[in-house]
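Working notes for the structure below.
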Amino acid sequence: MKINLQDALDRLQEMRHVDSDEGVANALYRLGVAYLQRNRLTQAEEAFDEAQYLCEKLENRLGLAHVLQKQAELTLATGDGQAALAKLDQALAIFRQEAPPEVVFQAVELRARALDRLGRTAEAAAELENLLAQADQAGDEVSVLLLLQYLAPLQRRLGRVERALATYRRHGALAEKLGEPQRVALAYVAVGSLEAQLGRPEVARGALHRAAATFLGLGMVQQAREVRAEIARLGLEEQDGAPRDDT
């Protein structure tokens, strides 16, 4: 949810007025997030730096870890994956001792993105696969859905085409189960492209037609047109008879 910037500024002014270090630290964190959401990175950095100082002064380890994670997100946005990785490792050392699993999950997912930014895509995929196994074991389907979404493109870029295909298919099936039709459509766009790459045109056509139909059902006409353009680009226009949907 996007934070109202004026509310965040007003809250910071209020906390400074009452001279509460804890209140100021919380308000600075919220203000930093608001700036980060608007890509105002210099102002976000200033807010997070002061929040970090106050959390260290107050010996608030968990608060510090949350600030470090946001600093890592900011640093990653500026293109410095190595610095982001260092911040995340500091945050994770605290989160793994004091935070609930979903907080650890978010930090590890961001760490995988930092690894990928550094060209360490295989390591990033391995981290997500490990986290996916944990989410599966916990029965956390929402986290599984997100991890499948992040993992599939990494596998694809690594040339693990069959594994990426299986991941995209699983993502589409789980998205359908959880009532996320737009994710279903996006998954089957990727499935169609990969099936075409593997030389299975009939299956590819079926997947892409399913994606186009799903987009149309959502009223997303432009996206449906783009899928049909992809069908034409891949030379998968319908021949005699209806297209197979082996998805």
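Can you list the HN-Hα couplings for region 228-233, worked out from phi with the Karplus curve (6.51, -1.76, 1.60; θ = phi - 60°), rounded to whole Hz and with x for Gly and Pro?
Going residue by residue, I get 5, 5, 5, 4, 5, 4 Hz, with x marking Gly and Pro.
Return the single residue from Ser193, Ser143, Ser20 with maximal mean-square fluctuation; model: Gaussian network over the chain, springs between Cα atoms under 10 Å.
In the Gaussian network model the winner is Ser20.
Go through region 85-97 residue by residue and turn each phi into a ³J(HN,Hα) via Karplus (6.51, -1.76, 1.60, θ = phi - 60°); whole Hz please, and just put x for glycine and proline.
4, 5, 5, 5, 5, 5, 5, 5, 4, 7, 4, 5, 8
Binning at 5 angstrom from zero up to the longest distance, how are the C-alpha pair distances of region 75-214 distributed in percent?
Pairs per bin, as whole percents: 2, 10, 18, 18, 19, 14, 11, 5, 3, 1, 0.
In square nanometres, what is the average projected area of the Cα convex hull of region 161-202?
2.6
To the nearest Å, what is the center-to-center distance of region 16-68 and region 205-228, using C-alpha atoms only?
So the separation of the two Cα centres works out to 44 Å.
Quickly work out the Leu9-to-Glu238 label distance, labels modelled 7 Å from Cα along the C-beta direction, and quote it in nm with one decimal.
5.6
For region 144-247, what size does the Cα cloud have along each of its three principal axes, sorted from largest down, in whole Å?
Taking the Cα atoms of region 144-247, the three principal extents are 38, 30, 21 Å.
Can you compute the modelled spin-label distance between Glu226 and Asp136, with each label point 7 Å from Cα toward Cβ, in nm?
Calculated label separation equals 3.1 nm.
Cα atoms only, region 1-103: Rg and Dmax in Å?
13.3, 38
Could you work out the Rg to Rh ratio of the chain, with Rh taken as the Kirkwood radius (inverse of the mean 1/r over all Cα pairs)?
A ratio of 1.08.
What list of ³J(HN,Hα) values in whole Hz, one per residue of region 202-208 in order, does the Karplus curve 6.51 cos²θ - 1.76 cosθ + 1.60 (θ = phi - 60°) give from phi, with Gly and Pro shown as x?
Each residue's phi maps through the Karplus curve to give 5, 5, 4, 4, x, 5, 5 Hz.
What angle do you read, to the nearest 10 degrees and between 0 and 90, between the alpha-carbon axis of helix 61-77 and the longest principal axis of the chain?
Approximately 50 degrees, to the nearest ten.
Report the Cα centroid-to-centroid distance between region 116-162 and region 71-102 in angstrom, as an integer.
That distance is 18 Å.
Just so you know, all these numbers are worked out from the coordinates, no wet-lab data involved. Quantities reported herein were computed from a predicted structural model and do not represent experimental measurements. Neighbour counts run over all protein chains shown; Cβ positions are idealised from the backbone, glycine included.
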